[in-house]
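Some notes on the structure that comes next.
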Amino acid sequence: MAENISGRDASLRERAARVVPGGMYGHLNAAIFTPAYPQFFVRGEGCRQWDADGREYVDLMCSWGPVILGHRHQAVEAAAAAQRASGDCLNGPGPVMVELAELMVDTIPSADWVMFSKNGTDATTQALMVARAATGRAKVLLAHGAYHGADPWCTPSTAGTTPSERADLVEYPYNDLAGAEAAAASADGDVAAIIVTPFKHDSFEDQEPVDPAFARGLRALADRIGAALVIDDVRAGFRLDLRGSWEPLGVRPDLTAWSKAMANGYAIAAVTGTDALRGPAQTLYSTGSFWFSAVAMAAAKATIETLRDIDGVALMERAGARLREGLAAQAAAHGFAVRQTGPVQIPWLSFEGDATLEKGMFWSGACLEEGVYLHPWHNWFMSAAHTDADIDRALAGTDAAFGRLRAKFGAD
């Protein structure tokens, strides 16, 4: 397996190091993966991506979630191009803003209104602002270790932040209703919101489905203490259910944060909420220079309509199930005990006893060499563009990677 990236990617890294702090930052920094991972990409088509050195990959990360219909989807690109021809960043939003808001309200049962922004962090932050405006309270309950964005309030233990920026957060263990009740009690009547992800998808850990009793219990707890229940559907939204990830459980939130897959790669986010919170929402001053750009809104409208019309969730379920079954058979054949966790549309694979991720890192790097782009410690993403043939191509690469793993470590 190649030890280092070379060619154009290496040159771009050297140039970036001179003009970008560290050359790269955040979760897209390839330097934190194995040395074989490329940093720069030049093209995407369907469920394939090409790096700066021309290598092709079956894309099982979907650009970390935003791409849900496949790169350069015809309907989305046509809608974006048509809007771009008329205008994008204007003195006010285009009519498409109203059309998109109407579509979301019609699609999402818990949505009576929509507010738009650009990133998932915008949406989660805005949702908590609405909850605080509505209740006049300060505290927010959130699950220990949960990721809700990259602003100081939701990014623990990072440079440039202070403990005071997280002073109003009270943690509870995910899927532990008694723990959530205790967290609420400790806040002594000052809870504005309970924020929760649809399932536990913390990095470096096996994913955990929500216990329906826990979901229903959080809804009841929020009602009892007069707090807003906020679902952070930024990562899972539109992949599990177009109506909202907890809609199949019969649990409806007061506020929901959306982004990632909402516009098939175009930058947009949203908060949806109930009529009871409409008044508080309109009191906020929360805005951005590019939040009302029309092109991303046209792309979002086309994305949601296409997902609805082709039953995109079912297509992703099919692809994810085929991948999961294939990986299970391969792991067993090569003598490895693995765990596959999360919904099949948002999967992840880990190795038994691999606390340091040594096997996971080696295997993911081997997959990369075989033309399959996935991740060793973050969940993956399926798209509606993953056909049976694409999954079979990916499985051919993962099978070869299991062979390499056995040659290096031996069977379990």
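Quick note: the coordinates plus some simple rules give every number you see, no bench work behind them. Nothing here was measured: the structure is a model prediction, and the numbers come from that model. Note that we place each Cβ from the backbone using ideal geometry, even for glycine, and neighbour counts take in every protein chain shown.
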Given all pairs of distinct Cα atoms, region 169-216 yields a Kirkwood Rh in Å of 11.7 Å
Could you run the Karplus curve 6.51 cos²θ - 1.76 cosθ + 1.60 with θ = phi - 60° over region 173-189 and give me ³J(HN,Hα) per residue in whole Hz, x for Gly and Pro?
x, 4, 6, 10, 5, 4, x, 5, 4, 5, 4, 5, 5, 5, 7, 6, x
Cα→Cβ-extended label distance, 7 Å offset, between Arg18 and Asp275, nm:
6.2 nm
Efficiency of FRET between Ser86 and Thr287 - r from beta-carbon atoms, R0 22 angstrom, step 0.05
0.45
Return an integer: the convex hull volume of the alpha-carbon atoms of region 74-310, in Å³ per residue.
132 Å³
Where is the GNM fluctuation largest for the chain (alpha-carbon springs, 10 angstrom cutoff): Ser203, Ser110, Ser164?
Ser164
Using only alpha carbon pairs under 8 Å that are at least six residues apart, calculate the relative contact order of region 343-383 and give it in whole percent.
52 percent
Write down the percent of antiparallel bridges among all DSSP beta bridges whose residues are both part of region 179-317, to the nearest 5.
40 percent
Mind listing the phi-derived Karplus ³J(HN,Hα) values for region 231-243, rounded to whole Hz, using 6.51, -1.76 and 1.60 with θ = phi - 60°, and x for any glycine or proline?
9, 8, 9, 4, 7, 9, x, 6, 9, 9, 6, 4, 7
Taking placed amide H atoms and a strict 5 Å upper bound, the residues 5 or more places from Val372 or on another chain that come that close are Val58
How about Lys200: which lysines have a C-alpha closer than 18 Å to its C-alpha, ignoring those fewer than 8 places off in the same chain?
Lys260
What number results when the radius of gyration of region 1-40, computed over Cα atoms, is divided by 2.2 N^0.38 Å?
1.10
Counting sequence-distant residues (5 or more places) and residues on other chains, those with an amide H built under 5 Å from that of Ala187 are none
Contact order relative to length of region 311-382, as percent, for alpha carbon pairs under 8 angstrom and 6 or more apart:
28 percent
With both bridge residues required to lie in the chain, what share of the DSSP beta bridges run antiparallel, to the nearest 5%?
55 percent
Percent relative contact order for the chain, counting Cα pairs under 8 Å at least six residues apart, stands at 22 percent
Per the C-alpha gyration tensor (a ≥ b ≥ c, the square roots of its eigenvalues), region 223-303 is rounded if a/c is under 1.5, else prolate if a/b beats b/c, else oblate; here it's oblate
Phi to ³J(HN,Hα) by Karplus 6.51 cos²θ - 1.76 cosθ + 1.60 over region 193-208, Hz, x for Gly, Pro:
7, 10, 10, 8, 8, x, 8, 7, 10, 5, 5, 6, 10, 4, 6, 9
If a paramagnetic tag sat 7 Å from the Cα of Asp388 along the Cα-Cβ line, which residues of region 302-327 would have the backbone N under 12 Å from that point?
319, 322
Rounded to the nearest 0.05, FRET efficiency between Glu305 and Trp113 (Cβ-Cβ, R0 22 Å) equals 0.65
Expressed in angstrom and rounded, the centroid-to-centroid distance over alpha carbons for region 194-219 and region 23-63 is 29 Å
Spherically averaged projected area of the chain from its Cα convex hull (nm²):
20.3 nm²
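Quick one: length gained pulling Leu357 to Glu56 fully straight, 0.36 nm per residue minus the C-alpha distance?
Extra length available between Leu357 and Glu56 comes to 105.8 nm.
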Say a paramagnetic label sat at a point 7 Å from the Cα of Arg216, along Cα to Cβ; which residues of region 250-277 have their backbone N under 20 Å from it?
250-254
Ranked output for segments 264-272, 374-382 by mean other Cβ atoms within 10 Å, highest leading, reads 264-272, 374-382
Over what distance in Å are the Cα centres of region 358-407 and region 245-324 separated?
28 Å
